[in-house]
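Colleague: I have a structure here, written as structure tokens, and I will follow up with some questions on it.
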Amino acid sequence: GIQVEQSPPDLILQEGANSTLRCNFSDSVNNLQWFHQNPWGQLINLFYIPSGTKQNGRLSATTVATERYSLLYISSSQTTDSGVYFCAVEPFYNAGNMLTFGGGTRLMVKP
Amino acid sequence: DVKVTQSSRYLVKRTGEKVFLECVQDMDHENMFWYRQDPGLGLRLIYFSYDVKMKEKGDIPEGYSVSREKKERFSLILESASTNQTSMYLCASRDSGQVFSGANVLTFGAGSRLTVL
């Protein structure tokens, strides 16, 4: 099946710093989503971004489908950004069925 | 907003017990999913269902079964719990009618943390 790798696995930032999280995937996809899991375990969808660029406040994401990677940018980080960020993809050959998740990037933002 | 509710936030069970994890969604979604989350392994799909009484195995179905008798409810069953099933279990749902659109996003429940002693 499709492979999804996220980097870095762990990241510690000082409040106010910027960061870039990366997601590489091994096959063509028709669906790519970024999620944030807060320290209490709740997963929230941040972006649906199979291609192109989207922005939502301090967060933005870019997917370069032809090169099989996606980036999540966090600007002016806040302590509430702490948690785990997951990338999840759905390959074209299995469209409509299931998302495969990467291992996540654990982010800690220090005050 | 779609709401996905998992019946138990924390459970402690003994080895060999039968365990039911319940999940209910309120937006008439066709697709429902059960994942387990373990440190360093991300989320792994156990089972999913694309309609009532329909189910498909995910990546790690061994030791689990599921039931979907009603559209809004998807249950995960551990027939005989074992210590290696100690984990966080996450239920999710989505609308299958918009596979290639921005509405095709997963909505997760709050998770059920299961400890098997």
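We did not get these values from a lab; they are worked out from the coordinates using the rules stated. If you're wondering where the values come from, they're calculated on a predicted model, not measured in any experiment. Using ideal geometry, Cβ is built from the backbone for each residue, glycine included, and neighbour counts are taken over all protein chains shown.
Colleague: Please give every one of the lysines within straight-line cross-link reach of B:K3, meaning a C-alpha to C-alpha distance under 23 Å, and leave out same-chain neighbours fewer than 8 residues apart.
Modeller: Cross-link targets: B:K53, B:K55, B:K70, B:K71.
Colleague: If exposed means no more than 11 neighbouring beta carbons inside 10 Å and the site is in a DSSP loop, what's the longest run of chain B without any exposed trypsin sites (Lys or Arg not before Pro)? Numbers along the way, then the final one.
Modeller: Working: sites that count: B:K3, B:R14, B:K18, B:K53.
Between exposed loop sites, the widest span is B:54-117.
Colleague: Still on this structure, I have one more. Could you grab the relative contact order for segment A:4-105? Cα pairs under 8 Å, six or more apart, rounded to a whole percent. Display every interim value, and only then the final one.
Modeller: Working: 233 pairs, mean separation 37.9, N = 102.
Contact order relative to length: 37 percent.
Colleague: List, in order, the whole-Hz ³J(HN,Hα) value for each residue of segment A:6-17 obtained from phi through the Karplus relation with A = 6.51, B = -1.76, C = 1.60 and θ = phi - 60°; use x for Gly and Pro.
Modeller: 3J(HN,Hα) across segment A:6-17, in whole Hz: 10, 9, x, x, 9, 8, 10, 10, 8, 3, x, 6.
Colleague: Go through segment B:69-77 residue by residue and turn each phi into a ³J(HN,Hα) via Karplus (6.51, -1.76, 1.60, θ = phi - 60°); whole Hz please, and just put x for glycine and proline.
Modeller: Values, residue by residue: 8, 10, 4, 7, 10, 9, 10, 10, 10 Hz.
Colleague: Straight distance only, please: which aspartates and glutamates reach the Cα of B:K18 with their own Cα at less than 13 Å, same-chain residues fewer than 8 apart left out?
Modeller: Filter leaves B:E79.
Colleague: Follow-up question, since we're still on this one. In whole percent, what relative contact order does chain B give with Cα contacts below 8 Å and a gap of six or more residues?
Modeller: Values: 302 pairs, mean separation 41.3, N = 117.
Over chain B, the number comes to 35 percent.
Colleague: With +1 on the Cβ of every Lys and Arg and -1 on the Cβ of every Asp and Glu, and nothing else charged, how large is the dipole of segment A:4-105 about its Cα centre, in debye rounded to the nearest 20? All intermediate terms of the calculation are to be shown ahead of the outcome.
Modeller: Working: 4 positive and 7 negative charges, 38 e Å.
The dipole of segment A:4-105 has a size of about 180 debye.
Colleague: If you don't mind, there's one more thing I want to ask. Could you size up the charge dipole of chain B around its Cα centre, putting +1 on the beta carbon of Lys and Arg and -1 on that of Asp and Glu, and report it in debye to the nearest 20? Write out the running numbers ahead of the final one.
Modeller: Values: 16 positive and 15 negative charges, 69 e Å.
Its charge dipole is roughly 340 debye.
Colleague: Give the long-range amide H neighbours of A:F47: residues separated by 5 or more places, or on another chain, with amide H under 5 Å away, using H modelled in the peptide plane at 1.01 Å from N.
Modeller: When sequence neighbours closer than 5 places are left aside, the close amide H contacts are A:W34.
Colleague: Give the Cα extents of segment A:43-95 along the principal axes, in whole Å, largest first.
Modeller: 39, 21, 15
Colleague: Dipole of segment B:9-65 (Lys/Arg Cβ +1, Asp/Glu Cβ -1, origin at the Cα centre): which of B:L11, B:L41, B:L21 lies farthest to the positive side?
Modeller: Checking the options against the dipole of segment B:9-65, the answer is B:L11.
Colleague: Would you work out the charge dipole size for the protein assembly as shown about its Cα centre, treating the Cβ of every Lys and Arg as +1 and the Cβ of every Asp and Glu as -1, and quote it to the nearest 20 debye?
Modeller: Details: 22 positive and 22 negative charges, 83 e Å.
Magnitude of the dipole: close to 400 debye.
Colleague: Would you report the distance distribution of C-alpha pairs in chain A as whole percents per 10 angstrom bin, up to the bin with the largest distance?
Modeller: Per 10 Å bin, starting at 0, the Cα pair percentages come out as 16, 49, 29, 6, 0.
Colleague: Amide H of A:N31 versus every other amide H placed in the peptide plane: which residues, excluding those fewer than 5 positions away on the same chain, fall under 5 Å?
Modeller: Correct list: A:E90.
Colleague: Related question: Could you state the principal axis extents of the C-alpha atoms in segment B:15-83, from the largest down, to the nearest angstrom?
Modeller: 34, 27, 19
Colleague: Follow-up question, since we're still on this one. I'd like to know how the protein assembly as shown sits against the 2.2 N^0.38 Å rule of thumb: what's its Cα Rg over that expected value?
Modeller: Values: Rg = 17.3 Å, N = 228, 2.2 N^0.38 = 17.3 Å.
For the protein assembly as shown, the normalised Cα radius of gyration comes out at 1.00.
Colleague: List the chymotrypsin sites (Phe, Trp or Tyr not before Pro) in segment A:1-103 that DSSP assigns to loop (not H, G, I, E or B) and whose Cβ has at most 12 other Cβ atoms within 10 Å. Which are they?
Modeller: Details: sites: A:F25, A:W34, A:F35, A:W40, A:F47, A:Y48, A:Y69, A:Y73, A:Y85, A:F86, A:F92, A:Y93, A:F101; in loops: A:W40.
Hits after loop and neighbour filter: A:W40.
Colleague: Spelling out what I want: for every residue of segment A:46-57, take phi, set θ = phi - 60°, compute 6.51 cos²θ - 1.76 cosθ + 1.60 (Karplus), and round to whole Hz; glycine and proline get x.
Modeller: Computed from phi, the couplings for segment A:46-57 are 9, 9, 9, 8, x, 6, x, 10, 9, 9, 9, x Hz.
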